[in-house]
Every structure is written in C-alpha cells, then in structure tokens.
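Undergrad: Just dropping this structure here.
The values are calculated or read from the model by the stated rules, or taken from the named source; none is laboratory data. This one's a predicted model, so the numbers in the text were calculated from it and none came from an experiment. Note that each Cβ is placed from the backbone with ideal geometry, even for glycine, and that neighbours are counted across all protein chains shown. Note: areas computed on protein heavy atoms with side chains; ligands, DNA, RNA excluded. Shrake-Rupley method; radii C 1.70, N 1.55, O 1.52, S 1.80 Å.
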Amino acid sequence: MENNKETNRAPISQKPLVIEKGDKDAIGGLVEIEINGKPFKVPLGTTILDACRQQNIHIPTLCHHEDLCIAGVCRICVVEVEGMRVLPTSCSFPITNRLKIKTSSENVRKARRHILDLLLSEHYGECYSCHRNNNCELQKLAKEYGVDSYRFGHVTQRRHEIDRSSYSVIRDMDKCILCKRCVRTCIDLQEVGVLEATHRGDATTISTFMDKPLADVVCINCGQCINRCPTAALKANDPSDDIWRAIDDPKKHVVIQTAPSPRAAIGEEFGLPAGTSMTKQLNTALKMIGFDKVFDTNFTADLTIMEEGTELLLRLKKALVEKDDSVKLPQFTSCSPGWIKYIEHFYPDYLDYLSSCKSPQQMFGAVIKTYYAQLNNINPEDIVTVALMPCSAKKFECNRPEMNDSGYKDVDYGLTTREMAQMIKEAGLYLPGLPESEFDNPFDESSSGLIFGATGGVMESALRTAYELVTGRQVPFSNLEILPCRGFSGVRQASVKLENVKPEWSFLEGVDLNFMIAHGTANAKKVMEALKRGELSNIHFVEIMACPGGCIGGGGQPIPTSKEIRAKRAEAIYKEAAGLTIKKSFENPAIAKIYAEFLTDGPCGHLSHKLLHTHYAKRGKYIP
Amino acid sequence: MPIKNKSVIFDRENLNKENPKEFLYKALKMSPSDLILEVRESGLKGRGGAGFPTGTKWMLASAAVSDKKFVVCNADEGEPGTFKDRVLLDEFSDLVFYGMIMCGYAIRANKGFVYLRGEYRYLLDKLLKYLDKMHEENLLGKNILNSGFDFDIEIRLGSGAYVCGEESALIESLEGHRGESRNRPPFPVNTGYMGHPTVVNNVETFATVPIIISRGAEWFTTVGTLNSKGTKLISVSGDCKEPGVYEVPFGISINDILKLVKAENTKAVQVGGASGHCVPKEQFDRALSFEDLSTGGSIMIFNESRDMLHILKNFMEFFVEESCGQCTPCRIGNIKLLEGVEKVEAGDCALSYIKELIELGKSMQLASKCGLGQSSPNPFISIMTNFENEIFSQR
Amino acid sequence: MIEIKDNILTQEISELIGKYGNGREALLPILQQIQAKHGYVSEFAQQEIANALDIHPVEVYGVITFYSFLGNKKKGRHIIRLCRTISCDLAGKDAIIRTLERELGIKFGETTKDEKFSLEFINCMGMCDQGPAMMINEQVFTQLTPHKIVDILKNFR
C-alpha cells in the first residue's frame, strides 16, 4: 500500500471504519441514502464526502487529504444529517445506515461561512504578498463563499517568528490554520515525527520538539509537509534571488542540471494536466532565462549506476569469494537525500549498508567543477551550478560540508520545480508555448537514468546494467522493462537469476539476485526493522526513496499531490524512457567517454572515490 | 462534607442497613441481559449532563462484537461549579465500584478504569485502599463472589484538562494522547478504548445503578418526571447561605432549590456550569430535568449585586483556555466571543456585533467537534440575551 | 551523535516502564510520576520516554503541553494553584491574588528567586462550595482569607 492509512500510529479515531460483515443494515454491501432529496446507493462504509463526490456534489474541505488519515478538525465539510442534533463532518462520517443528507441547508451554509470567517480572522497577511497566491485552498474557499470583508476582524501583527533555520523547509506559523495535515504527513505518512500539535486552547500550535528550530531537530527535509499544506505555512527555502544574481553577473558561468521528475511535473504549474512532459521546452526556457548550459541529470544517474553497480558487485565478491564478514549486505541506495538523513538519524548504526555513492545531483556538481571545467578551460571558481530537483532535501544535501570534493561547493543551489516555474513566469515565458531544444554537450545522451524519478527506477536501471555486465546478455524482460520494479506498493521484493555468467563473475553463477524496493520513509522503516531483525540476510540490494512515489512525489513538486497525480507523472517518465534508444547506463557514450578521458581508473577507482563517493554522519535521534 | 439534605439514594445510614454488598450479590445472580433490562426500565439517564439512557448504552456495548470490552468511570468532574462526584468518591465509592462491576458483568467486560481528575488526587490513596479491600473480600478480581465473573478496576489520573471530561477525549487521554475528542460516529460503545467497545458513564450514574438493582426499576421510576427518572445530586455554589451537595428529585424548580439552599436576592442561576444556561429571575419556576433545564449537577447562584458581564467573561476565559484547540469553531469561536465581551466591557461594542456573535455561537453549537464547543456558546447566548438591558444600559 | 550513558533518569524511566508497560497508554502515568518527583519533565527525560515507548519526542512534548499539571520547565518546589473560576472569583479570589503576590513578591506565572514557590491559576478544582480555594502541590486549601494565606505559606517556607 502506498499511503499508510492503517499505520499503528494514527489515533484509532482517525482510522477508516472497518465494517463487520453481516451488518444488519447492509443489503448486499450497499446502503441506500438520500442526498439533497435524491436517492442512490453507496457501498457500506463510504464516507459522506466520498458519496457526495461520486454524485458530483462539491463539499469544501481543508483538513482532509486523500493521502492522510481522517482528522475532522477544520469542520468546513459539515453537512446536515436528518435526526442528528449537530452537523457532522462529511469527511469522517462512514455511511452505515440509510441517511438523509443535506449538503447546503441554511445551517450548513451558515456554519461553513462562520468557520471560514473564523479562519480568516486569525490568518495573518494578505494574499498578494503570499507565495501561495492563486494556489491556496483557504483563498479558494474565500472566493467560493464570496468573502468580501473580515467579519470577525483580522490579525494585524505577527505572532510567530518565521523559522528559516532549515536549508530546506521554512515554517511560517502565522499562515497556519491548524489543519494538521503536516502533522499527519510527518507522523503517520512518513513516520519521521518532527511536527505535532502542541499546547491547548487558544495557544494550540504546530511545533517541533521543544519548539526548536527545524534545523536542530530530526527533520529529514523531505518536504512532504509542504506538498500537503493547504496554505503558505510551509514552503521550501527559495534560492532563486541568488540564482538571478548569478545569471546577471557576466563573470559567472551558470550551469543548470535538470532531473527527470521536475520535467514531468512542471507543466502542472502552467495549467497542463499532470503527466505532461516538458523536458525539451524547459531546455529552451532555461536558455532564454540566461543559463549558460543546460545539462541532463540523467548523465550522472547513469554514472551512479556504474559506480553503485560496481560497488554492489565488489561487495558481493568480497562477501561470497573472500568471505569477508565486514562487508555489509544488502547494499542500500543513496540517491535520496531525505532517506540519507533519515537513516543517519534513526538507524545510525547501519550507515555501512549504504552505498557510498553520492546522489546524481552531487556527482554532477563535482564533475562540472572538475571535468567540465578542464574540458572548457573555465575557472571552477566562476562556475555556478544549479540543480533543478523535485526535492527539498536536495537543498540541504548540497549544503553538506563534505560536498565540496571538487575543491569548491559542488552544487551551489538546489532549486525546486515550483521555484523554477516561478522563475520562468517571472521571465515572462509561457513554458508550454516554447519550442523544443536539446540538452547541451558533453552530457547530452540519456539512458535508463531517466526512470530514477519513479520508485523502483534506480533498481531497474541498476539491474539492466549489472545483469548485462555479469552475464553478457540483456535482462530477460520485454523491452527491458523490469515490471516487478514498477508500481506503487510500499515495499516490494523480487529476484533475477544469474545464469551462464561470464568467467570473471563465476562466483555469481546460479545466484538469485534478490532486491527490494521501498518508498516513503514509513516503508523504509519497515525495511530497516526487518534488517534489524536479521530478516534481510538473503537480500542483496535495496532501493529506498524518501518520498511516496519516489522523486515524482518529491517535496519540491507542484502542489497539490495525490496518488493519481503521482501515477500520471510516473507514466510520463516511463513513456519518455520507452522512446529512448539507449536503455542501459553503460551504453551511454558520454559515460564511456568520461571513464576514458577523466575517471581513467574506472568505476570505484581512486578518482571516482574522491569525487563521486562520500561518507555519512552518525546523527542519531537525540537532540542536545 | 456529606450530602446536605435528607437523601433518598445516597443515605449512608439507610444503605448500611441494606448492606450494599448484597446489591452486588444480587446483580451477579441475574443474567446480563436481565440486568441491562432492569437498568433500561428504570429510565436512568447519564448523570454527566448529556442524559443518554444508560440501559441503551449498555445494551449497545453488550451487542458489539469484540474479544475485549471496557468500562470507564468518568471521574473527571471539571465543569465549573460541580463537585458532587468528589463527595460520591469520598463517601460512596463502594456504590461507584459496584456499579462499574455490574456494568462490566452486563456487557461482558473484564476491565474497568476510573479516570480521576488530577485535582482530586488526594482521594487516590483512599480509593486504592478500598479497591484492595474489595480484592480481599473477593468483590473484585477473579471469580467475583463465586459468580465465575472476573473484573478488575484500575484508577488513572488526569492531568488538568477540562476537555477530558468529554468521553472520547477521555479515552484518547487514557490511551496516552492529547485529550482531543474523536469524530462520531463511531461511538465509544463500538470503538472505544484501544478500539474496543467501551461504556463511559459518570460517577453518579454508576453509583445509582446498585440502588436500582436492589430496589428495582419500578421503585426508581416513582421519583422524578416523565422523562427524567430518579433523583439528581446537585452541587450548589455562589450566593447562598448553604452551599454544598444536595440530592433532589428531578422536576424540582429553581425556586425550590433556592429555598433549600437559603439564597436571597437572587438575580440569576447558572444551571449546568459554565457550559450551561443562565436562567434569569423571571424563569425561576422552570424545572430541573432533561426536558427543561438539564444539568450535570452544577447550580451557581448570582445575587443582585453581581455583574453579569463579569461572570460571562470568566466563563469565556475558561473556554478559551480549556478548548482542546483542534477544531476551528471551538478554538477560534471562543476567542471571538471573549473578544466580544471585552469590547462590551470597554464600552466599544455595537449591539449589532453582539447579535452577529450570537449567530456565530449558534454555528459553534452545531459545527463543533465535541460537546465542549457545542455548549461553550451557551452562557454567551443566554447571558447576552437575558441580560442585554443590564449589560448595555451600564455601558 | 549523542551517546546516552547510564543516567539516573534513564534508570527511573526504565523502572516506570517495568511498572506501566511500554505501550502508549503508559505515557501519562509515567509523565505524572516524573513530574511528581522532579517537578517537571526535562528535555532529556522526554526523549528517553519517547525512546522507551517507541514514539517521537515531539509527541511527548505535545502531550505535556496539553495538560496543565505537566510541565517541561523547572518551576518552584511548591506550586501554588489558585482557582480562577467563577465561584471562587465571587467568593473573593482577587484579594487572595493580591495577598499571594505580595507575600511571595512575584506575579502569577512566575517563580520565586529561591525556586521555592511558583504561582499559577487553575480552572475549577471542584471546591466551589468552599471558595476561594487553592492547591499547593496536591494539598487543597479552602475558604481562604488573606490572613489564612500567611499561615499556610509559613508551613511551606
């Protein structure tokens, strides 16, 4: 399951109702109800909200989010149910008997309007000076209900300081409406547990542990809370002003790499349906904005596969041939900076299981400020590297002190999809209307690195390369699409048998290469707990992505998010990948070239280790 | 501090003659369904104030299918002006515990909790000692009085949160969470403590059950009104000579209560605590009952010298602080009502704005998540309506 | 990474876990015990409890800040809680406020310099028939008068 609606941590009251079979009111599992005088049947246990939506009756919601467990706290979705003294919330009300429901009676309309007026009275600031202007659920409701004045006053003073401590996530509690979506995201969906409602009554607020700055607690920077915030209480730390400055500076050579997931999603910021790929239009836009070079992160995704695949094979050799007990298996992927911070905090004793490979973003930074600078005879000091990522954790990642192996800050700025869209709009461009153009040399060829964006993509890419390296044959899947890697179930496991291997890999003959894929840190937790219990001894390789759905569901992606939207974005990526002629990382000519010209001691060689690999910090979860 | 008037039910001398242990013995000889039937026929309604029929609640919990069920005694008596449960727990804890055991027997639960408000911690040692004694006498534990029924009672303390008197918030608190009320449905009788069917009843409700079992449902129905059977403990405070706990039959008028407690020059009576209604002098012939003036037991008396706005402000400050803060109408609504009172106090509030706030209060009554927010506008609405002249003529 | 060495609090918490179990429902009883013994639940204690119950420290913090009788900051050894609700108010709460503040030299919400007393308000404590009423720690005092206050405080100095 993708979202953890049934996680143990969700309060019992917020779990979906389980209907006992043989309920006396159930007739064939359907219940006849009446909404606004119109009768129809719904499956037993359907919420009133879902029933109304099925009938195209719009019910306003704020605290409800389909990825999250029920809260029923904003109360905006109240409806009238015949025979009830009070107005129940439709989001929380499971239909178990013949209800007569009214969705817009006088009492309902009045109550909703009152609730809206109350929220607005406590909501600091004005819409035009807000980054969620035009994409705010509260603002949208205010328009829907024709709010034209502050009936119960309006706060004029800030009451909270904005928490800008984090490289990734900024919290402005003056914009918070206490819907607790972030709390449910952080505690239930991601099981990170940084945010919780604290205090009581008028003092109720959403806090970190002991109200500490976000940078000082165990936040993994995944930004899933941002994606689910209905207002502007949460946002990513936006570096676009600095990037504009660099672009405007003639001395600076500004280079941007774009990851596949933003390209599959940025169209949404321009009103296009989810799943519309904008890769080539984006190349044009970035050039028009003033970036000197536009590169494809796929290049270093392919590089990651080479390095990580080699690392895995070396580990297997050490373990199986040399019987070296110190080798840790399974090897875990390390491309997701949210996952890295998660394991550093929550499983600090298991860091040796992580691949030492940097993420594609950081590899690219190091390559640009060394290899690329040499090739083009540019002083690395003058190069500014920007990474367009679907991710808020990438901002923290590029600011890690160890990420300067090029001798400079490898990646200067991590930019999210949302921020990129903003820059494009500010430049006066309408992205979907732009002509297509290609990526710049020398990193212009793309292969399976593209599918890194969806959960399972790293694994699928790695298998294609590793299998062929070991056996000399392609993976035995039609069109090389390793379907067990795809899909959205939270933890999945599969294996590929290695047979008729090349002589140098003879120790792998007949071995079932077992792999696991998990996305969302709640699922990562399940995997880690299984590892702790010693249940993963037969697994060789594990891919983990911190965000539900993988990078396409990242914390820097367009808002809103839903299961459906994430599936559409993944579809776009797989579609684009299906059209590629090169499907294996080692066949990417740019990869062959860099190993021939620059990383001459090969994957996991000396220079690779210096530039492309890293180490991790035992952070632990205790806060001083 | 005993009950101040001659009681029908809570009279220790009488009870000792009847020997309360015999009540339990009698109950455990009945079949669970007969026991529930007896409680149903008595017409007993929840003494916490909401007045849900106790027998029906027990029947629903009894019908719910689960391997575990729980009985919870709500001793989080926090409604301003209420202290009758304190007296019951101090002097009639045997009846409270017997009532819980009977409930457990009726719904087939083996575990009961008393959720005792932190403010009553000083009662804890005495209660624990009494539970030990019950264990020794085989009134608790395994095979109670050789009936084959096992039941145990654990006392859990609250930690100072009024909202935990709301049954679902109480259950959240028992589970170790913030005392934030739950969505209903599902109701605790189906999905209560740890997701299991749970009966939550007030201290007085449990204490009344053994008497009903002993004297019969029919006897119980001879006292009270058509829809409010039996007697009610009331906690009287404020401007009167004899404040304290009284046992009165349902149907008694405010006037009669005032006579009983020797109150003079009374201007208004707050029935049902801060979340109740403020009754002006013209309505003192109204009766205490679920049909008319419903109360968990709080009667607060205000004489002619009192400033009604000051009283209202005190109530609203209480709710602003004690709202659990999760739902919008209650969290922000109460702030707005208090701000309204402060504006009036400062002589800076249009009457039309008060009317607007009364409308807001009505929405809060309908749209709040739990009883706290649904009833917190009551004092605002009743005081602003009944004492509009007084409040606005002075400012 | 902070390594947690053997610590008296850790020991205490593990004893409480032994008594109340490691389920979430044990949280309030454990917090109440720590609060009673130390007067507050420290940052470290919160994290240790969270660790023992396999919940997040911020959840413990959320619970502590919800309940009036739990605190995360060190307060005076004796916490005086005066009822601020209407019956006690009508019975003369304001005079008691003034007396307490004068006698202790602090305002409500504050702690004396010698960390002996903290002054707080409490909402209705069920002594409405005997107001004004207050609690010092767990002890209840009723029908207060300014004169009585002076005598009561003497016993706690």
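Undergrad: Taking only protein heavy atoms and a 1.4 Å probe, what accessible area per residue, in Å², does chain A have with all protein chains in place?
TA: On the way: 23350 Å² over 624 residues.
Computed with neighbouring chains in place, this is 37 Å² per residue.
Undergrad: Going by a ≥ b ≥ c, the root eigenvalues of the Cα gyration tensor, does segment A:206-363 fall in the rounded group (a/c under 1.5), the prolate group (a/b larger than b/c) or the oblate group?
TA: Details: a/c = 2.13, a/b = 1.37, b/c = 1.56.
Oblate is the answer for segment A:206-363, as a/c is 1.5 or above yet b/c matches or exceeds a/b.
Undergrad: Let me ask something else about it. Summing Lys, Arg as +1 and Asp, Glu as -1, what charge do residues with Cβ under 15 Å from the Cβ of C:A133 carry, C:A133 excluded?
TA: 0
Undergrad: A:D248 versus A:E82, label points 7 Å from Cα toward the beta carbon: distance in nm?
TA: 6.6
Undergrad: Would you kindly derive the ³J(HN,Hα) couplings of segment B:301-308 from the backbone phi angles with the Karplus curve 6.51 cos²θ - 1.76 cosθ + 1.60 (θ = phi - 60°), listing them in order in whole Hz, with x for Gly and Pro?
TA: Values, residue by residue: 9, 10, 8, 4, 7, 8, 8, 5 Hz.
Undergrad: Per residue of segment B:220-235, what does 6.51 cos²θ - 1.76 cosθ + 1.60 with θ = phi - 60° give for ³J(HN,Hα)? Whole Hz please, x for Gly and Pro, Karplus curve as stated.
TA: Values, residue by residue: 4, 6, 6, 9, x, 10, 4, 9, 10, 8, x, 10, 9, 7, 10, 10 Hz.
Undergrad: Under 5 Å between amide H atoms, partner at least 5 residues away or on a different chain: which partners does A:V542 have, H built in plane at 1.01 Å?
TA: Placed amide hydrogens put A:Q331, A:F332, A:T333, A:M516 under 5 Å from A:V542.
Undergrad: If you average 1/r over every pair of different alpha-carbon atoms in segment C:8-66 and take one over that average, what Kirkwood value in Å do you get? Could you put the intermediate results ahead of the total?
TA: Values: mean 1/r = 0.0913 Å⁻¹.
Evaluated over segment C:8-66, this radius sits at 10.9 Å.
Undergrad: Enumerate the amide H contacts of A:T455 below 5 Å, restricted to partners 5 or more residues apart or on another chain; note that Pro and chain-start residues carry no placed amide H.
TA: Placed amide hydrogens put A:G550, A:C551, A:I552 under 5 Å from A:T455.
Undergrad: In segment C:78-156, if every C-alpha pair distance is counted and binned at 5 Å from zero, what percent goes to each bin?
TA: In whole percents, the pair-distance histogram is 3, 17, 32, 28, 15, 4, 1.
Undergrad: If you don't mind, another one. Compute the separation of the alpha-carbon centres of segment C:1-50 and segment C:60-99 and state it in Å as a whole number.
TA: 24
Undergrad: What are the principal axis extents of the Cα atoms in segment A:136-214, in Å, biggest first?
TA: So the three principal-axis extents are 39, 28, 27 Å.
Undergrad: Hey, quick one: spin label on B:E218, modelled 7 Å out along Cα-Cβ, who in segment B:11-30 has an amide N within reach, i.e. under 20 Å?
TA: Correct set: B:23, B:26-27, B:30.
Undergrad: Taking a 1.4 Å probe, which of A:Y150, A:Y347 shows the most accessible area, and what order do the others take after it?
TA: Working: A:Y150 100, A:Y347 10 Å².
Result, largest first: A:Y150, A:Y347.
Undergrad: Nearest 5 is fine: what % of DSSP beta bridges in segment C:78-156 come out antiparallel, could you say?
TA: Details: 7 of 13 bridges.
DSSP beta bridges in segment C:78-156 are roughly 55 percent antiparallel.
Undergrad: Additional query: Which angle from 0 to 90°, rounded to the nearest 10, does the C-alpha axis of helix B:328-345 make with the longest principal axis of chain B?
TA: Its long axis makes an angle of about 40 degrees.
Undergrad: For B:A268, list long-range residues whose amide hydrogen, built 1.01 Å from N in the peptide plane, is under 5 Å from its own amide hydrogen.
TA: Answer set, sorted by chain and number: B:F302.
Undergrad: Place a point 7 Å from Cα of A:L607 in the direction of its Cβ. Which residues in segment A:364-390 have their backbone N less than 14 Å from it?
TA: Residues A:366-376 qualify, since their backbone N sits under 14 Å from the label point.
Undergrad: Considering only protein heavy atoms, what is the solvent-accessible area of A:C229 at a probe of 1.4 Å, reported in Å² to the nearest 10?
TA: The accessible area comes out at roughly 10 Å².
Undergrad: So what is the diffusion coefficient of segment B:308-393 in µm² per second by Stokes-Einstein at 25 °C and 0.890 mPa s, using a Kirkwood Rh over Cα pairs?
TA: Details: Rh = 12.5 Å.
Approximately 196 µm²/s, per Stokes-Einstein.
Undergrad: From the Cα gyration tensor of segment A:426-532, with a ≥ b ≥ c the square roots of its eigenvalues, which class applies: rounded if a/c is under 1.5, or else prolate if a/b is larger than b/c, or else oblate? The partial results should precede the final answer.
TA: On the way: a/c = 2.89, a/b = 1.45, b/c = 2.00.
Taking the square roots of the gyration eigenvalues as a ≥ b ≥ c, segment A:426-532 is oblate.
Undergrad: Another question about this same structure. Of the peptides B:362-372, A:584-594, A:323-333, how do they stack up when ordered by the mean number of other Cβ atoms within 10 Å, highest first? Provide the component values of the computation, followed by the final result.
TA: Details: B:362-372: 24.5, A:584-594: 19.7, A:323-333: 16.6.
In decreasing order of mean packing, B:362-372, A:584-594, A:323-333 become B:362-372, A:584-594, A:323-333.
Undergrad: State the extension gain, in nm to one decimal, for the chain segment bounded by B:K343 and B:K133, taking 0.36 nm per residue of separation less the distance between their alpha-carbons. Each step should come with its number before you reach the end.
TA: Working: separation 210, 0.36 × 210 = 75.60 nm, distance 5.63 nm.
Gain in length upon complete extension: 70.0 nm.
Undergrad: Let me ask something additional. Express the accessible area of segment C:78-156 per residue in Å², computed with a 1.4 Å probe while the remaining protein chains stay in the model. Intermediate results must be reported in sequence, preceding the final value.
TA: Numbers: 3250 Å² over 79 residues.
Accessible area per residue, segment C:78-156: 41 Å².
Undergrad: How high is the relative contact order of segment B:308-393, in percent, counting Cα pairs under 8 Å that sit 6 or more residues apart?
TA: Relative contact order of segment B:308-393: 35 percent.
Undergrad: Give me the net charge of B:K336's neighbourhood, meaning all other residues with Cβ under 12 Å from the Cβ of B:K336; Lys, Arg count +1, Asp, Glu -1. Write out the running numbers ahead of the final one.
TA: On the way: positive: A:R151, B:R331, B:K343; negative: A:D117, A:E122, A:D202, B:E339, B:E342, B:E356, B:E359.
In short, -4.
Undergrad: Output needed: percent of Cα pairs per 20 Å distance bin for chain B, bins running from 0 to the one holding the longest distance.
TA: Taking all Cα pairs of chain B, the binned fractions are 28, 57, 15, 1 percent.
Undergrad: With everything on Cα atoms, drop me the angle between helix B:32-42 and the longest principal axis of chain B, reported from 0 to 90° to the nearest 10.
TA: Once rounded, one gets 40 degrees.
Undergrad: Also, I was wondering about something else. With an 8 Å Cα cut-off and a minimum separation of 6 or more residues, compute the relative contact order for segment A:518-620 in percent.
TA: Values: 54 pairs, mean separation 16.7, N = 103.
Contact order relative to length: 16 percent.
Undergrad: To the nearest hundred square angstrom, how large is the accessible surface buried between B and A, total for both chains, probe 1.4 angstrom?
TA: Answer for the B-A pair: about 3400 Å² buried.
Undergrad: Using only Cα atoms, tell me the angle between helix A:279-289 and the longest principal axis of chain A; keep it within 0 to 90° and round to the nearest 10.
TA: With rounding to tens, the tilt is 90 degrees.
Undergrad: Run the accessible area of the protein assembly as shown with a 1.4 Å probe and give the carbon-and-sulfur part as a rounded percent. Each step should come with its number before you reach the end.
TA: Details: 21150 of 43250 Å².
The C+S portion of the solvent-accessible surface of the protein assembly as shown is 49 percent.
Undergrad: Classify segment B:12-221 from the C-alpha gyration tensor, please: rounded if a/c falls under 1.5, else prolate or oblate depending on whether a/b exceeds b/c. Please report the intermediate quantities before stating the final value.
TA: Details: a/c = 1.40, a/b = 1.19, b/c = 1.18.
Cα axes put segment B:12-221 in the rounded bin.
Undergrad: So what does A:H58 come to for accessible area, using a 1.4 Å probe and Å² rounded to 10?
TA: Only protein atoms counted, so the area is about 120 Å².
Undergrad: Averaged over its residues, how many other protein chain Cβ atoms are within 10 Å of peptide B:329-341's Cβ atoms? Mind dumping the intermediate values first?
TA: Working: counts 9, 4, 10, 12, 5, 2, 6, 8, 1, 1, 3, 1, 0.
Other-chain Cβ atoms within 10 Å of each residue's Cβ, averaged: 5.
Undergrad: Express in Å², to the nearest 10, the accessible area of C:M135 obtained by rolling a 1.4 Å probe over the protein heavy atoms while all chains stay in place.
TA: Ignoring ligands and nucleic acids, C:M135 comes out at about 0 Å².
Undergrad: Follow-up. Once phi is turned into ³J(HN,Hα) by the Karplus curve 6.51 cos²θ - 1.76 cosθ + 1.60 with θ = phi - 60°, what whole-Hz value does each residue of segment C:138-147 show in order, with x for glycine and proline?
TA: Once θ is set to phi - 60°, the couplings for segment C:138-147 become 9, 8, 9, 10, 10, 6, 6, 9, x, 4 Hz.
Undergrad: Another question, then. For segment B:254-302, which GluC sites (Glu not before Pro) are both in a DSSP coil and crowded by at most 15 other Cβ atoms within 10 Å?
TA: On the way: sites: B:E264, B:E282, B:E291; in loops: B:E264, B:E291.
Those satisfying the criteria are B:E264, B:E291.
Undergrad: Can you tell me how much longer the chain between A:N97 and A:A203 gets when fully stretched, taken as 0.36 nm per residue apart minus their C-alpha distance, in nm with one decimal?
TA: Numbers: separation 106, 0.36 × 106 = 38.16 nm, distance 3.87 nm.
Contour length minus Cα-Cα distance gives 34.3 nm.
Undergrad: On average, how many beta carbons from a partner chain sit within 10 Å of the beta carbon of a residue in B:366-375? Mind showing how you got there, number by number?
TA: Working: counts 13, 14, 6, 9, 1, 1, 0, 2, 2, 0.
That works out to 5 on average.
Undergrad: Which log10 I(q)/I(0) values, to two decimals, does the protein assembly as shown give at q = 0.09 Å⁻¹ under the Debye formula with one point per Cα?
TA: -1.11
Undergrad: Over all directions, how big on average is the projection of the convex hull of the alpha-carbon atoms in segment B:33-86, in square nanometres? Intermediate values should be presented prior to the final figure.
TA: Working: hull surface 18.7 nm².
That works out to 4.7 nm².
Undergrad: From other protein chains only, count the Cβ atoms within 10 Å of every residue's Cβ in A:72-80, then give the mean. Could you put the intermediate results ahead of the total?
TA: Working: counts 7, 11, 5, 12, 3, 0, 5, 0, 1.
Other-chain Cβ atoms within 10 Å of each residue's Cβ, averaged: 5.
Undergrad: Quick one: among B:G272, B:G296, B:G49, which has the greatest mean-square fluctuation in a GNM of chain B with alpha-carbon springs under 10 angstrom?
TA: In the Gaussian network model the winner is B:G49.
Undergrad: Give the relative contact order (percent, whole number) for segment B:12-221; include only Cα pairs under 8 Å separated by 6+ residues.
TA: On the way: 374 pairs, mean separation 66.2, N = 210.
Relative contact order here is 32 percent.
Undergrad: Could you give the C-alpha radius of gyration of chain A expressed as a fraction of 2.2 N^0.38 Å, taking N as the number of residues it contains?
TA: Working: Rg = 25.6 Å, N = 624, 2.2 N^0.38 = 25.4 Å.
Cα Rg divided by the expected 2.2 N^0.38 Å: 1.01.
Undergrad: If you roll a 1.4 Å probe over the heavy atoms of the protein chains, what accessible area per residue do you get for segment B:12-221, in Å²?
TA: On the way: 6910 Å² over 210 residues.
Solvent-accessible surface per residue comes out at 33 Å².
Undergrad: Pick out which of B:E172, B:E339, B:E137 has the largest mean-square fluctuation in a Gaussian network model of chain B, springs linking Cα atoms closer than 10 Å.
TA: Result for chain B, Cα springs under 10 Å: B:E137 fluctuates most.
Undergrad: Here's something else I'd like to know. Be a star and scan segment B:244-283 for residues whose amide nitrogen sits under 20 Å from the point 7 Å along the Cα-to-Cβ vector of B:N303.
TA: B:244-245, B:254-271, B:279-283
Undergrad: Roughly what would the spin-label model give for A:D216 and B:D150, points 7 Å off Cα along C-beta, in nm?
TA: Here the answer is 5.0 nm between the modelled labels.
Undergrad: Strictly over 24 Å apart at the Cα level, which of A:K180/A:K568; B:K313/C:K107; B:K267/C:K107; A:K212/A:K394; B:K232/B:K336 would you flag in this model? Don't skip to the answer; put the middle values down first.
TA: Details: A:K180/A:K568 27 Å; B:K313/C:K107 21 Å; B:K267/C:K107 34 Å; A:K212/A:K394 22 Å; B:K232/B:K336 35 Å.
Pairs exceeding 24 Å: A:K180/A:K568; B:K267/C:K107; B:K232/B:K336.
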